[in-house]
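The values are calculated or read from the model by the stated rules, or taken from the named source; none is laboratory data. All values derive from a computational prediction rather than experimental measurement. Using ideal geometry, Cβ is built from the backbone for each residue, glycine included, and neighbour counts are taken over all protein chains shown. What goes into the accessible areas is simple: the full protein's heavy atoms, side chains included, and nothing from ligands, DNA or RNA. Shrake-Rupley method; radii C 1.70, N 1.55, O 1.52, S 1.80 Å.
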Amino acid sequence: MSRDAAGFLGTSQAQISNIEAGKNGISEARLRRLAHIYACDDAQLVDALAEMANTQGQGWWEEYRGVLPPAAPDLAELEHHASYVRTFQVVHIPGVLQTEEHVRAASLFVQPDLPDDDREARVRFRMRRRHVLERGTPYDVIIHEAALRMRVGGPRVTRAQLEHILLTAERETVTIRVIPFTADGFAGAGHSMQYVGGVVPRLDTVQIDSSHGAVFIDAPAQLGRYQARFASVDNAALTQDASLDLIRRITREL
């Protein structure tokens with residue numbers, strides 16, 4: 001099929017393969033022609049992809065390509081186009097909720113030899129990811145109590161981090177819930193994940209962290225498994241009011 005598509009577009013098969021793999025950009029006109037060649041009759045999907053093609057290379061995250069690992073700007077771009085985001089973390093504060101001091105302290109622990117300029121680039125990038133909250137994208141957060149009790153950077157930094165989470169929870173589009181240590185039947189340690197809802201369901205993507213970097217998953221069968229896992233996590237979490245009360249209690253203990 002890629003050979004036929006290359007012929008129709010007057011380009012090489014390698015170029016088509018790179019486009020299909022997301023390595024090369026594509027214009028809206030070419031994208032719509034490819035959709036026709038591939039007999040894709042999902043108009044909403046094609047329109048969503050066309051909008052992404054029109055804005056490709058224009059996002060704030062582009063200035064970090066070549067500065068940070070490729071998955072970092074890819075994640076920011078994914079969040080920018082999201083219709084909603086659901087994230088679950090066991091031992092880390094979700095990146096979008098982290099304060100500058102938290103990011104810096106965590107980075108010093110994980111990569112103590114990182115040059116200062118590179119470290120500060122990571123801090124600035126993490127702060128700019130808050131754009132997804134500022135533009136009003138629905139953001140549903142579930143955090144295990146373990147992550148809230150991690151003293152990253154010491155008591156003062158940890159207290160400021162928890163206070164920032166409480167402040168962020170005041171946003172109408174943000175929901176923050178906690179799975180307490182006392183939750184019955186929870187066995188999800190190590191299953192941190194982020195589910196990014198696309199403009200259309202076929203663009204849904206799950207992002208998970210691994211020892212070799214971020215992994216993006218979009219196969220329908222795998223998405224279904226992560227949706228079921230989120231449902232289980234959701235059932236184990238406290239209500240938002242009870243969750244915020246727990247965060248306040250942990251903050252007072254510092």
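Would you confirm whether any residue within segment 123-133 is touching a Ser or Thr at 6+ places or on another chain (Cβ under 6 Å) and modelled with pLDDT of 95 or more?
No, that holds for no residue.
Can you confirm whether D204 is open to solvent by less than 30 Å² (accessible area, probe 1.4 Å) and either small (G, A, S) or without any contact (Cβ under 8 Å) to a residue 40 or more places away in the chain (or both)?
yes
State all residues of segment 131-156 that are surrounded by 15 or more Cβ atoms within 10 Å (Cβ to Cβ) and either over 16 Å from G95 (Cβ atoms) or not hydrophobic (A, V, I, L, M, F, W, C) (or both); if no residue qualifies, say none.
H131, T137, P138, Y139, D140, H144, E145, A146, G153
If V174 meets every condition in (1) touching a Ser or Thr at 6+ places or on another chain (Cβ under 8 Å); (2) closer than 29 Å to L68 by Cα; (3) at pLDDT below 95 apart from one, which number is that one?
Of the numbered conditions (1) touching a Ser or Thr at 6+ places or on another chain (Cβ under 8 Å); (2) closer than 29 Å to L68 by Cα; (3) at pLDDT below 95, the odd one out for V174 is (3).
List pairs: first in segment 131-153 and within 12 Å of L246 (Cα to Cα), second surrounded by 20 or more Cβ atoms within 10 Å (Cβ to Cβ) and polar (S, T, N, Q), Cβ under 6 Å, 6+ apart or cross-chain?
I143/Q89
Given the condition in a strand (DSSP E or B), in contact with a Gly (Cβ under 9 Å, 6 or more places away or on another chain) and not aromatic (F, W, Y), answer yes or no: does some residue in segment 111-131 qualify?
Looking for residues that are in a strand (DSSP E or B), in contact with a Gly (Cβ under 9 Å, 6 or more places away or on another chain) and not aromatic (F, W, Y), one finds none in segment 111-131, hence no.
A quick yes/no check of all residues on (1) touching a helix residue (DSSP H, G or I) at 6+ places or on another chain (Cβ under 8 Å); (2) open to solvent by less than 20 Å² (accessible area, probe 1.4 Å); (3) closer than 28 Å to P69 by Cα; (4) without any contact (Cβ under 8 Å) to a residue 12 or more places away in the chain:
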position	(1), (2), (3), (4)
G213	yes, no, yes, no
Q222	no, no, yes, no
F230	no, yes, yes, no
A237	yes, yes, no, no
I250	yes, yes, no, no
L254	yes, no, no, no
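Every residue in segment 170-208 that is under 16 Å from I142 (Cβ atoms) and among the polar types (S, T, N, Q), please.
T173, T175, T182, S192, Q194, Q207
For E163, indicate whether it is within 18 Å of L246 (Cβ to Cβ), part of a helix (DSSP H, G or I) and of a type in the set (D, E).
Numbers: within 18 Å of L246 (Cβ to Cβ): yes; part of a helix (DSSP H, G or I): yes; of a type in the set (D, E): yes.
Spelling it out, E163 is indeed within 18 Å of L246 (Cβ to Cβ), part of a helix (DSSP H, G or I) and of a type in the set (D, E).
A quick yes/no check of all residues on (1) under 19 Å from I142 (Cβ atoms); (2) within 20 Å of the chain's Cα centre (by Cα):
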| site | (1), (2) |
| --- | --- |
| H212 | no, yes |
| R225 | yes, yes |
| R229 | yes, yes |
| D234 | yes, yes |
| L238 | yes, no |
| D241 | yes, no |
| L246 | yes, no |
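Take the residues of segment 62-85 that are part of a strand (DSSP E or B) and among the hydrophobic types (A, V, I, L, M, F, W, C): which is nearest to the chain's Cα centre (by Cα)?
Going through the qualifying residues, I end up with V85.
Would you pick out the residues in segment 166-201 that are open to solvent by 40 Å² or more (accessible area, probe 1.4 Å) and part of a helix (DSSP H, G or I)?
L167, P201, listed by residue number.
Among the residues of segment 198-216, how many are of a type in the set (V, I, T) and closer than 17 Å to Q89 by Cα?
Total satisfying the criteria: 4.
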